Structure formats: structure tokens, C-alpha cells
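Structure record follows, encoded as C-alpha cells.
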Amino acid sequence: MQQDPNHIAQLQQRFAAVDTDRGGSIDVQELQRAFSAAGHVFPESTARRLLMMFDRDRTGTVGFDEFCQMDNFISQ
């Protein structure tokens, strides 16, 4: 299933806004800010669990693709 280009652009903006070091990945606190900006406020424990679920390469952060998968999961 192909994603809506407008939604992908919004996700890219949210991701870039919290990826302050421009390293291409975000940590738990940045993840909380990204979802808070979209109206999804999670306690740190929930954000940490989500990160663990979607951190496929086990770096302790999520990249943009993992972030998109997480957004899709939360939206459903």
C-alpha cells in the first residue's frame, strides 16, 4: 500500500523538527516531541516501549523509516 505523499511530507517535517543533531535518527525524548506535535502525548515509558518495538537495528533510536512504521501503527 502506497502512502499519501502529503502525509509523508508531514512526517518528514515532524521528524526533521525534532532531529536536532541532524543525525538521521531520534531518541526517546525527541520521539515524544514528534508525536506530541501531532496531538499524541505519551509518557516516557510508552515512548520507550514504542521505540523498542520499532528500533529494528537496536541502536536505541529510530530512523525515518522506523518512525513512519511507528506512525502507521499508532494511527491504526
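The values are calculated or read from the model by the stated rules, or taken from the named source; none is laboratory data. Here the structure is a predicted model, which is why all the values come from computation and not from measurement. Every residue, glycine as well, gets a Cβ built from its backbone with ideal geometry; the counts of neighbours run over all protein chains shown. The protein model used for the area step is the full one, side chains on, heavy atoms only, and it has no ligands, DNA or RNA in it. Shrake-Rupley method; radii C 1.70, N 1.55, O 1.52, S 1.80 Å.
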Report task. Please list, ordered by first then second residue, the pairs with beta carbon atoms under 8 Å, 6 or more apart or interchain, first in the range 56-69 and closer than 17 Å to Asp21 by Cβ, second part of a helix (DSSP H, G or I) and open to solvent by 20 Å² or more (accessible area, probe 1.4 Å). Result -> Phe64/Gln12
Query raised in the report: Within the range 2-11, is even one residue in a helix (DSSP H, G or I), within 12 Å of Cys68 (Cα to Cα) and in contact with a helix residue (DSSP H, G or I) (Cβ under 8 Å, 6 or more places away or on another chain)?
Result: yes
**Report entry** Candidate set from the range 49-76 (those that are open to solvent by less than 20 Å² (accessible area, probe 1.4 Å) and either over 10 Å from the mean Cα position of the chain (by Cα) or acidic (Asp, Glu) (or both)); member that is modelled with the highest pLDDT
**Finding:** Asp55
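Inside the range 17-29, can you point out the residues that are in contact with a Phe, Trp or Tyr (Cβ under 9 Å, 6 or more places away or on another chain) and free of Cβ contacts under 8 Å to residues at least 24 places away in the same chain?
As a first pass, look at the range 17-29 and keep what is in contact with a Phe, Trp or Tyr (Cβ under 9 Å, 6 or more places away or on another chain): 19, 24-26.
Across the range 17-29, the qualifying residue is only Asp19.
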Report summary line: Checked against (1) in a loop (DSSP other than H, G, I, E, B); (2) at pLDDT 90 or above; (3) polar (S, T, N, Q), Ser45 satisfies every condition except (1)
Requested in this report: Please name all residue pairs, on different chains or six or more residues apart, with Cβ atoms under 9 Å, provided the first residue is in the range 36-51 and is within 15 Å of Ile26 (Cβ to Cβ) and the second residue is assigned to a loop (DSSP other than H, G, I, E, B) and of a type outside the set (D, E, K, R).
Outcome: Ser36/Phe42; Leu50/Phe42; Leu51/Gly60; Leu51/Thr61
